[in-house]
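Single-structure report; data block below.
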Amino acid sequence: MLPPKPLAAGVVALTFTMLLYLVELVDVLLPAQLDLAGIHARSLAGLDGIAWAPVLHAGWEHLLANTVPVLVFAFLAMAGGIAQWVAVTATIWLVAGLGVWLTAPPGVVTVGASGLAFGWLAFLLVRGIFNRSAAQLVVAAVLLFGWGGMLWGILPGNPAISWQGHLFGALGGVLAAWVVARADRARAAKPPGTLRA
């Protein structure tokens, strides 16, 4: 399923991605070392990194690797509307960040939007199961065929890659899909209001 307002969804996805590029450009041009504002595991001083980590990247190569997944998954995750997407994204952002803060190795700063990308992908893969929607299951099957290999990123491997961010981002996406499905069912079950003259 495509977003109900594809043009607006495309603009939001593109604007968010452009923000990532702008932040990286500022980080390169200014000797500000913005990446140090990422998540510092189990450090109270580094807890605010949860807010900043998804918009920070460890160089252009890191950002380029995240660009297409962020654009595609962010756009498709707006199938329930932009307001729902904001709530889904906030859930993924928080769950991924807290998961990294709790489980990442000490002395490591974690940055990058890949936790969001994994979260949006997981949301798109499971929402059809929770919603019992054939159309959403078809979209999930297509995504699984094209991007399923990406899911190996939730397993420990390269120490330079935050599998914790990927794993907890995906868990955040599953949680968001469950919450959205419950809200949709509650809305559908609510009887129409009584009309008064």
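The values are calculated or read from the model by the stated rules, or taken from the named source; none is laboratory data. Since we're looking at a predicted model, the values are computed, not measured. Cβ coordinates were reconstructed from backbone atoms using ideal geometry, including for glycine residues, and neighbour counts include every protein chain displayed. Note: areas computed on protein heavy atoms with side chains; ligands, DNA, RNA excluded. Shrake-Rupley method; radii C 1.70, N 1.55, O 1.52, S 1.80 Å.
A few remarks follow.
- Test set (1) open to solvent by less than 70 Å² (accessible area, probe 1.4 Å); (2) within 30 Å of residue 132 (Cβ to Cβ); (3) part of a helix (DSSP H, G or I) - residue 94 fails condition number: (1)
- Index of the failed condition, residue 59 passing every other in (1) within 16 Å of residue 165 (Cα to Cα); (2) open to solvent by less than 40 Å² (accessible area, probe 1.4 Å): (1)
- Only one of 116, 144, 121, 125 that is of a type outside the set (S, T, N, Q), out of contact with any Cys (no Cβ under 6 Å at 6 or more places or on another chain), in a helix (DSSP H, G or I) and open to solvent by 50 Å² or more (accessible area, probe 1.4 Å): 144
- Scanning the range 70-87 for residues that are farther than 14 Å from residue 3 by Cα and buried (at least 20 other Cβ atoms within 10 Å of the Cβ) yields a single hit, 70.
- Selection of first residues in the range 40-52 that are closer than 8 Å to residue 101 by Cβ and of second residues that are open to solvent by less than 20 Å² (accessible area, probe 1.4 Å) and in a loop (DSSP other than H, G, I, E, B), restricted to Cβ pairs under 6 Å at least 6 apart or on distinct chains, gives the following pairs, ordered by first then second residue: 41/104; 49/38.
- Within the range 1-39, being in contact (Cβ under 8 Å) with a residue 40 or more places away in the chain and charged (D, E, K, R) holds for 5, 35.
- Subset of the range 101-120 (residues that are farther than 22 Å from residue 17 by Cα and of a type outside the set (Phe, Trp, Tyr)): 102, 103, 104, 105, 106, 107, 108
- Filter result for residue 157 (modelled with pLDDT under 90, outside any helix (DSSP H, G or I), over 20 Å from residue 88 (Cα atoms) and not charged (D, E, K, R)): yes
- Count of the range 41-56 residues which are open to solvent by less than 50 Å² (accessible area, probe 1.4 Å) and either closer than 11 Å to residue 17 by Cα or not hydrophobic (A, V, I, L, M, F, W, C) (or both): 5
- Residue that is farthest from the chain's Cα centre (by Cα), among those in the range 1-40 that are of a type in the set (Ser, Thr, Tyr) and surrounded by 12 or more Cβ atoms within 10 Å (Cβ to Cβ): 21
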